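To start, the structure itself, in structure tokens.
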Amino acid sequence: MSPSVPLQEMIRAIRSARTQCEERGVIQRECAAIRAQFRQADNGGRSHNLAKLLYVHMLGYPAHFGQMECVRMIASPRYSEKRVGYLGAMMLLDEKQDASLLITNSIKNDLSHSNQYVQSLALCTLACMGSAEMCRDLAPEIDRLLRASNSYIKKKAALCAVHIVRKVHELGELFAPAARSLLAEKNHGVLHGAVVLITELCERNPETLERFRKTVPDLVQIMKGLVISGYSPEHDVAGVSDPFLQVRILRLLRILGRNNEAASDAMNDLLAQVATNTDSTKTVGNAVLYETVLTVLDIKSESGLRVLAVNILGRFLLNNDRNIRYIAMTSLQRIVGTDHNAVQRHRGTIVDCLKDQDASVKRRALELSLALVSATNIRSMMKELLLFLSSCPLELRSQAASGIFNAAERYAPSQRWHIDTILHVLTTAGGDVRDETVPNLIQLITNTSELHCYTVHKLYRALLSDISQQSLVQVACWCIGEYGDLLLRGECQETEPVQVTEDDVLDALETVLQSHMSAPATRGFALTATMKLSTRITDNVDRIRSIVSIYGSCIDVELQQRAVEYNALFKKYDHMRAAVLERMPVIEKNSPGHTNGESTREAVKEVQPAKVKQAETLLPQQPANQVCDLLDLLGGSEEPLQSNPAVGSTVPVLPISTSSTAGGDLLDLLGGLEPTPLTPAPTVTVYEKSGVTLTLSREKQSDSGLTVTLTASNSTDSDISSFTLQAAVPKVNLKMRIRISYTSQGSAFQDTVQVDSFPEH
Amino acid sequence: MMRFLLLFSRQGKLRLQKWFTPIPEREKKKIIRDMTTMVLARQPRSCNFLHWKDLKIIYKRYASLYFCLAIENQENELLALEVIHRYVELLDKYFGNVCELDIIFNFEKAYFILDEFLLGGEIQETSKQVVNRCIESSDMLQETMEEYMSKPAF
């Protein structure tokens with residue numbers, strides 16, 4: 001076909017422009033000329049002008065003034081003008097433009113044109129940009145063309161019908177019969193279009209899906225023809241006969257066989273045949289195999305076939321072609337939940353893919369590896385994952401770190417391993433872990449009392465070598481503050497002994513305090529740790545005193561406040577210091593599914609100066625008869641007595657904030673600050689007498705229990721000691737009887753309160 | 001279905017754009033920018049598949065042109081590579097050893113060929129020969145009509 005000279009001249013002119021500015025100049029001139037030409041009468045050069053405009057449009061310049069010209073050209077009787085006009089319509093118009101409505105009539109006329117190439121232009125444009133109204137208007141015409149025309153038009157009409165169904169779902173019913181009959185065609189183009197149309201209809205309407213299930217044998221027959229038949233030059237691609245059609249039929253079979261035993265059985269043999277016969281040396285064969293695997297895994301296939309499919313994916317994993325490795329992993333990811341064991345067999349290859357150069361492959365390998373971690377392979381998998389973490393690309397680090405934490409939490413074979421793993425992650429990727437890692441790790445460490453010595457030694461060493469990873473530094477400071485005495489003692493079973501002096505430890509903490517790399521929160525940790533050490537070391541308390549007083553004038557408000565408070569602790573309330581800076585109790589964590597290898601939930605280790613314990617540990621320690629006493633007092637209850645654990649469980653955690661008891665004194669020192677935090681839940685005061693207040697708020701209600709929070713506070717000037725609280729509830733009817741006893745100003749008090757109604761949530 | 005097909009040079013200049021769903025002009029420009037940035041940043045021997053929003057992007061470089069095809073999530077990526085390859089073969093047959101300049105100077109023909117191969121975001125014809133024959137016939141029709149129209153009327 002002879003090229004359009006005017007068009008090519010313009011293109012040459014534009015390309016020879018040396019600067020953007022020059023190019024704009026050329027284009028402006030050309031556009032002006034085109035506009036002028038559009039206004040003139042028909043001069044035989046219209047198609048060239050529109051083509052020029054379309055080129056300018058592709059460069060990114062505005063071309064909306066050509067829209068009406070497109071409409072005019074489409075209506076022209078000349079084929080060359082129609083061709084460019086329709087192209088222009090597809091490029092410049094879309095269904096949102098008003099001008100698009102104007103071409104509806106032209107399309108309608110051209111659909112019945114005597115020349116099939118004109119019909120084809122109309123069909124193409126309709127399928128590309130037909131609006132819902134146009135589709136509704138022209139649907140009957142398309143249906144007619146689906147039935148009575150040549151193959152060239154039928155295949156286009158089929159895809160037009162697909163577009164119509166996508167735009168106007170209800171019209172699906174109109175095309176169903178025609179679609180059915182098209183399956184009998186021999187022409188591949190028509191067959192392909194028919195399969196696409198049927199797929200679209202079945203995806204949209206379950207009833208239609210039921211009806212089309214009957215076509216499964218026909219589809220199987222067509223596929224068999226493609227797979228077994230000899231070489232067909234027209235459709236062959238590298239040894240595979242019409243892979244495009246094969247893939248579409250496999251997709252349709254997948255939809256028809258899903259959740260249906262009969263249909264799945266009917267296609268079983270065929271799928272096995274395709275899986276075994278398709279040549280997998282080229283991409284095109286692998287494309288067909290890939291679709292086959294997806295179909296097998298999605299329908300109700302028999303187990304032998306499933307194993308065959310997973311093995312194909314396993315072979316894909318070993319393929320040199322990166323693309324194929326990538327899609328193998330995406331597919332395995334999809335089935336790792338359902339066919340876990342089958343995927344486990346390929347774990348080695350998947351783990352190797354962690355070392356692949358390509359970032360997409362690495363990402364897939366990471367996700368899949370994390371899904372394959374189990375109790376049996378945790379140690380070897382973790383080795384690989386930690387190795388990966390040290391060299392993985394930045395965008396994958398936080399995903400890898402959190403995946404490792406989850407895996408470690410679920411399958412840790414021992415406490416020490418767990419702690420080691422977390423420390424390893426913090427050293428390699430401390431900057432990319434989530435915020436809750438620090439409290440989680442602290443909680444884990446406090447729970448593992450036998451490893452305190454080991455942990456603090458390890459953290460101390462880590463701190464000495466690197467103070468840039470904030471999470472690690474925070475945990476290290478906290479541990480040194482808590483267990484500094486163990487560190488100074490020197491000997492430790494699990495690691496080599498090292499002599500650490502008090503000065504060494506204080507030096508380390510001061511380095512953290514003064515370093516510009518430390519975040520404000522980290523410095524807070526370090527300061528508190530330094531303070532805590534004042535009760536755990538013997539010789540250098542003065543040094544601590546001076547550090548603390550220096551920070552009393554620190555610019556950072558948080559640090560300054562801490563320093564001032566600690567100063568006060570040194571000066572005015574030195575007698576309280578030991579009690580305040582005591583070892584922390586076990587931090588309770590409400591997370592289900594904790595399966596640490598050998599851990600047991602430990603009860604409170606140290607005794608608080610005021611003997612307050614949480615209610616659930618309190619009750620079992622009281623002699624049973626006292627509790628029964630309390631229950632007897634609940635006269636209205638006919639239920640038999642609960643055993644202690646049951647009582648404990650129906651009265652879930654009643655946290656008495658430590659600040660209000662042992663520290664209640666401390667708070668008094670700080671000017672009677674209210675310890676109770678502002679609770680959004682409604683609270684009710686159940687007891688108020690001589691300065692002691694007990695408030696109750698109802699928080700969570702689940703099927704099995706209700707969480708009630710009791711808060712006790714002391715508003716007097718004097719200390720309250722030996723605060724004890726007991727509570728009992730009957731099995732039904734939400735009531736509670738509370739008995740409290742305490743000592744204030746030398747005299748003992750005891751009181752019982754009954755709560756009959758709880759505040760509404 | 002396929003959502004769009006873009007052809008651009010190594011400098012990011014657009015050579016062909018085919019959109020299979022209606023998208024506002026501004027958004028088209030943004031998508032083009034995103035695609036060119038993403039694809040041109042890829043390492044030479046990486047995977048040909050990318051994820052972008054809820055679509056899969058399949059790209060392949062042929063000489064100085066990048067072919068970038070966006071498909072929906074349930075589509076077969078390997079087959080999409082074959083679709084790109086088939087289009088290149090069709091262009092090659094038509095222009096004879098096609099190069100970027102052919103597509104620049106004859107862009108409307110590249111569109112006509114594409115419109116015989118893909119339709120409404122789906123493959124229209126799976127046989128190379130049939131597509132080639134149709135293009136030739138359409139060209140013939142255009143020529144004869146032009147000749148006819150440009151004959152002086154007596």
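Summary table below
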| read-out | value |
| --- | --- |
| Given (1) under 19 Å from B:Ser9 (Cα atoms); (2) within 11 Å of chain A (Cβ to nearest Cβ); (3) crowded, with 21+ Cβ neighbours inside 10 Å, index of the condition B:Ala70 fails | (2) |
| Whichever residue in region B:46-57 is in a strand (DSSP E or B) and more than 9 Å from chain A (Cβ to nearest Cβ) and, among such residues, is surrounded by the most Cβ atoms within 10 Å (Cβ to Cβ) | B:Ile57 |
| Region A:236-249, residues that are at the interface with another protein chain (Cβ under 9 Å from one of its Cβ atoms) and assigned to a helix (DSSP H, G or I) | A:Pro243, A:Phe244, A:Leu245, A:Val247, A:Arg248 |
| Checking B:Ile23 against (1) buried (at least 17 other Cβ atoms within 10 Å of the Cβ); (2) within 9 Å of chain A (Cβ to nearest Cβ), the condition it does not meet | (1) |
| Verdict on B:Glu75 being within 19 Å of A:Gln246 (Cα to Cα) and without any contact (Cβ under 8 Å) to a residue 40 or more places away in the chain | no |
| Residue, modelled with the lowest pLDDT, within region A:13-43, restricted to residues that are in a helix (DSSP H, G or I), among the hydrophobic types (A, V, I, L, M, F, W, C) and surrounded by 12 or more Cβ atoms within 10 Å (Cβ to Cβ) | A:Phe38 |
| Filtered residue count, region A:258-275, keeping only those that are more than 20 Å from A:Leu191 (Cα to Cα) and either touching a His at 6+ places or on another chain (Cβ under 9 Å) or part of a helix (DSSP H, G or I) (or both) | 11 |
| Selection count, region A:95-119, where residues are in a loop (DSSP other than H, G, I, E, B) and not β-branched (Val, Ile, Thr) | 8 |
| Helices (runs of 4 or more DSSP H) wholly inside region A:132-205 that include at least 2 residues being more than 45 Å from the chain's Cα centre (by Cα) | A:132-147, A:151-167 |
| Those residues of region A:243-275 which are buried (at least 20 other Cβ atoms within 10 Å of the Cβ), under 10 Å from A:Ile299 (Cα atoms) and polar (S, T, N, Q), in sequence order | A:Ser264 |
| Which listed residue, of A:Ser721, A:Ser715, is at pLDDT below 80 and farther than 13 Å from A:Ser690 by Cβ | A:Ser721 |
| Subset of region A:66-85 [among the small types (Gly, Ala, Ser) and outside any loop (DSSP other than H, G, I, E, B)] | A:Gly66, A:Ser80, A:Gly85 |
| Helices (runs of 4 or more DSSP H) contained in region A:276-373 and holding at least 1 residues surrounded by fewer than 21 Cβ atoms within 10 Å (Cβ to Cβ) and either more than 27 Å from the chain's Cα centre (by Cα) or hydrophobic (A, V, I, L, M, F, W, C) (or both) | A:283-298, A:303-317, A:322-335, A:340-344, A:359-372 |
| Some residue of region A:491-504 being under 16 Å from A:Val438 (Cα atoms) and either crowded, with 18+ Cβ neighbours inside 10 Å or among the aliphatic types (A, V, I, L, M) (or both) | no |
| Condition met for A:Arg315 (touching a helix residue (DSSP H, G or I) at 6+ places or on another chain (Cβ under 9 Å), modelled with pLDDT under 90 and basic (Lys, Arg)) | no |
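Quick grid of which residues meet (1) more than 26 Å from A:Gln67 (Cβ to Cβ); (2) at pLDDT 95 or above; (3) not in a strand (DSSP E or B):
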site	(1), (2), (3)
B:Phe4	no, yes, no
B:Gly12	yes, no, yes
B:Lys18	no, yes, no
B:Pro22	no, no, yes
B:Glu27	no, no, yes
B:Ile32	no, yes, yes
B:Pro44	yes, no, yes
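The values are calculated or read from the model by the stated rules, or taken from the named source; none is laboratory data. Since this is a predicted model, take the numbers as computed values, not measurements. Please note: Cβ atoms are built from the backbone with ideal geometry, for glycine as well, and neighbour counts cover all protein chains shown.
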